[in-house]
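The values are calculated or read from the model by the stated rules, or taken from the named source; none is laboratory data. None of the values given here were measured: they were computed from a predicted structure. Here the Cβ is made from the backbone with ideal geometry for all residues, glycine too, and neighbour counts use every protein chain on show.
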Amino acid sequence: MIMMMVATLGSDDDKAFMVNLYKEYYGLVRKIVYDIARDVEHAEDLTNDTFIKLIEKTSVIRTLESCKLAAYIVYTSRSVAINFIKHRDVQQKHLYFGQDTDLAKNIPSSEDDIETRIIHKEELKELGNAILKLTEQQQDVLYFKYILEMNDAEIAEILVIAPDSVRQYLTRARREAKELMEKGMNQRDE
């Protein structure tokens, strides 16, 4: 697929440049997309998607110095992987709608279980609403930490912040979410 895209480039010089770029940076791009997406099945596709985006910007890439070129490739790889994660999560949210499932299996056996589940469900809904009110960076920090189970160093690398700062960002995001959640529950009770 990549070679077909390279073949569409105008000059032989551009074609040779992109083939060399592919050979030189393939391993780095694949590592980056896998480290972020943590999906072996899609790592190759994400790598190819990254190079397709780079092929579209051949004229820009050719003007970059080697260190700026590497940074551009890393940034593009990260963007492709993060977009994949976001798209996958949206798909998973909508996956459950319309499926034929036996809802009778989910009915609790005693009244105490029903009350507990209703309360838990309401708390989760309030937490979800609270998280949606957070800034995008706070949402990302919580998502990377608790959904993707990334460590502080990986989160720091993606968000381009110091690894020591990740805890502070997490603490602030959790505190803000808790306050918003409690505020929402209090307003609902009134």
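Numbers for the structure displayed
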item: Some residue of region 28-43 being at pLDDT below 90 and of a type in the set (G, A, S); result: yes
item: Test: K15 is of a type in the set (D, E, K, R), in a helix (DSSP H, G or I), touching a Leu at 6+ places or on another chain (Cβ under 9 Å) and surrounded by 12 or more Cβ atoms within 10 Å (Cβ to Cβ); result: yes
item: Matching entry among I52, I73 (being in contact with a helix residue (DSSP H, G or I) (Cβ under 8 Å, 6 or more places away or on another chain), β-branched (V, I, T), assigned to a helix (DSSP H, G or I) and within 24 Å of I155 (Cα to Cα)); result: I73
item: Any hit, region 143-153, residues being in a helix (DSSP H, G or I) and over 29 Å from E123 (Cα atoms); result: yes
item: Residue selected from region 146-160 under the condition modelled with pLDDT of 85 or more and surrounded by fewer than 16 Cβ atoms within 10 Å (Cβ to Cβ), by the criterion farthest from I73 (Cα to Cα); result: N151
item: Verdict on A156 being touching a residue at least 24 places away in the same chain (Cβ under 8 Å) and closer than 24 Å to K86 by Cβ; result: no
item: Among (1) modelled with pLDDT under 85; (2) under 15 Å from the mean Cα position of the chain (by Cα), the one test that L124 misses; result: (2)
item: Residues of region 130-145 classified as of a type in the set (S, T, N, Q) and loosely packed, with under 15 Cβ neighbours inside 10 Å, total; result: 2
item: Test: residue in region 55-64 that is within 17 Å of the chain's Cα centre (by Cα) and not β-branched (V, I, T); result: no
